[in-house]
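Contents: one structure, followed by commentary.
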Protein chains: 2
Amino acid sequence: MSSYGRSYSSESYAPSAPSLPESYRQQERDRGASGSARPQSSGYGVHQNQQYQQHPPAYGQGQSSSSSGYSGFPPGTHPDVIRSFEMVDVDRSGYIDEKELQRALSSGYQRFNLRTIRLLMFLFKNPHDALRIGPKEFAALWSCLGQWRAIYDRYDRDRSGKIDLFELRDALYGLGYAVPPSVLQILMSKYDDGSGRKIELGFDSFVECGLILKGLTEKFKEKDKRYVGQATFNYDEFMSTVLPFLVAYD
Amino acid sequence: MSSYGRSYSSESYAPSAPSLPESYRQQERDRGASGSARPQSSGYGVHQNQQYQQHPPAYGQGQSSSSSGYSGFPPGTHPDVIRSFEMVDVDRSGYIDEKELQRALSSGYQRFNLRTIRLLMFLFKNPHDALRIGPKEFAALWSCLGQWRAIYDRYDRDRSGKIDLFELRDALYGLGYAVPPSVLQILMSKYDDGSGRKIELGFDSFVECGLILKGLTEKFKEKDKRYVGQATFNYDEFMSTVLPFLVAYD
């Protein structure tokens, strides 16, 4: 199944977008998935298809933030987002740390585990800042989670509140990531409790998986200048690319 | 300082061994380090210099294991190593899990944190096995820790029981890893408690750092077939290389 990352077709809508192999599409037809609910081709880490951009994230758009004391929120930030931030930024420093982020997200989403929170911080914070995020990054993070929540709900086809390997693959595809099952299996093994039962993910773990894939894929793309699905690293670059994920993921 | 991974000299004793830049050696002279205590050139992940192989690990060699009920230990395994294994393998299955490994190592070394234990398991277990290790892997792991302990003690020059960034660099060098300071700084940031104090590592954290570097470096080397300090990955390979570290590191 490694052909996901290597085979390309004229259907691709971006230079880095490998097409789905015919076997995958056949499998989809066999499983009765709706053809209209997914793009026909995608790539690792390509931007969301226009189809998904038509579904705005939960609080990502709305009333103006002009009434807020915070000047850092982008215009149009929903008041609920600003309120969630203000509620936890008790010292009004304009920045929140990981525990505060965990509390802030509880009001609009759920209480995420700290591992997921650390990955969110790591991927959304200003790289020049310490381990904290400001209004702009918080708004982007909130909006991203809204989008992921919508995708998650759409691909939880049996409405179990959990998604399995195939639903995860499709949901990630909906986010623009064509991830080979072999790679997904490594990631899913993280949630194997050893009971022999099928591994399924709640939204928290889905976000955790998605962030790891998003982060690593974007790093890979930075080195895959010609978008051919191949990247060359020297030793320092490789270590400097991978280590921050291990450091963030504590 | 990225020249560590890129510049090579005729002094190198292995094809993949970048030499130390002159600036590094000058710095060493300035710091008064003993020239005879370190190899003059090394590389990322090259095998230990003969000098270090002359110092056998704590329990890695010794009496025969012929009296043991376990047939899986290599000939010459020290009885203390076998005893540590037997002590925790209460069901005599011939395998121990992560909690048992933590207990087994407590008798000869110290109680390592579970993160370090998981990395040890991940890097030493048979890749085809579940999350458990047998006598052969346990003996190798014990021996490796003995070697690392000796190196750690040697480079803790001020006998503080902790090592700082420079001592870590030198200790890793002693283990055969020439790691650029920029990479080490990322790794050290993991142990920054935000107090502004100098970051120092105990033996547990030293082992954790060492295992991460050893594991990633060996993966890099597998793709650096010509030992030129450069490796090309396709997307699937990159993800399949990096993800297991994130999965192991829970």
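The values are calculated or read from the model by the stated rules, or taken from the named source; none is laboratory data. Just so we're clear, the structure is a prediction, and the values are computed from it rather than from any experiment. So basically every Cβ, Gly included, is an ideal-geometry build from the backbone, and we count neighbours across all protein chains shown.
Figures for the structure shown
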| read-out | value |
| --- | --- |
| Residues of the stretch B:118-148 that turn out to be among the charged types (D, E, K, R), over 15 Å from the mean Cα position of the chain (by Cα) and assigned to a loop (DSSP other than H, G, I, E, B), as a count | 2 |
| Some residue of the stretch A:230-246 being facing chain B (nearest Cβ under 8 Å), more than 22 Å from B:K190 (Cβ to Cβ) and not in a strand (DSSP E or B) | no |
| Meets criteria (under 11 Å from the mean Cα position of the chain (by Cα) and in a loop (DSSP other than H, G, I, E, B)) for A:Y177 | yes |
| Scope the stretch B:78-100; condition in contact (Cβ under 8 Å) with a residue 40 or more places away in the chain and under 20 Å from the mean Cα position of the chain (by Cα); matching residues | B:V81 |
| Evaluation of A:K198 against (1) within 9 Å of chain B (Cβ to nearest Cβ); (2) in contact (Cβ under 8 Å) with a residue 24 or more places away in the chain; (3) of a type outside the set (S, T, Y); (4) assigned to a loop (DSSP other than H, G, I, E, B) (one fails), failing number | (1) |
| Breaking point among (1) outside any loop (DSSP other than H, G, I, E, B); (2) facing chain A (nearest Cβ under 9 Å), for B:K214 | (2) |
| Scope the stretch B:70-117; condition in a loop (DSSP other than H, G, I, E, B) and either in contact with a Cys (Cβ under 6 Å, 6 or more places away or on another chain) or more than 20 Å from B:D129 (Cβ to Cβ) (or both); matching residues | B:P75, B:G76, B:H78, B:Y109, B:Q110, B:R111, B:F112, B:N113 |
| Residue check for B:D170: farther than 25 Å from A:E208 by Cα, among the acidic types (D, E) and either under 14 Å from the mean Cα position of the chain (by Cα) or more than 12 Å from chain A (Cβ to nearest Cβ) (or both) | yes |
| Residue in the stretch B:154-168 that is surrounded by fewer than 16 Cβ atoms within 10 Å (Cβ to Cβ), in a loop (DSSP other than H, G, I, E, B) and of a type in the set (D, E) present | yes |
| Condition met for A:R103 (more than 16 Å from the chain's Cα centre (by Cα) and modelled with pLDDT of 95 or more) | yes |
| Some residue of the stretch B:145-167 being within 12 Å of chain A (Cβ to nearest Cβ) and either β-branched (V, I, T) or farther than 21 Å from A:L246 by Cα (or both) | no |
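Conditions (1) in contact with a helix residue (DSSP H, G or I) (Cβ under 6 Å, 6 or more places away or on another chain); (2) more than 16 Å from A:I212 (Cβ to Cβ); (3) at pLDDT below 90, marked per residue:
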| site | (1), (2), (3) |
| --- | --- |
| A:N126 | no, yes, yes |
| A:G134 | no, yes, no |
| A:L141 | yes, no, no |
| A:R154 | no, yes, no |
| A:K162 | no, yes, no |
| A:G176 | no, no, yes |
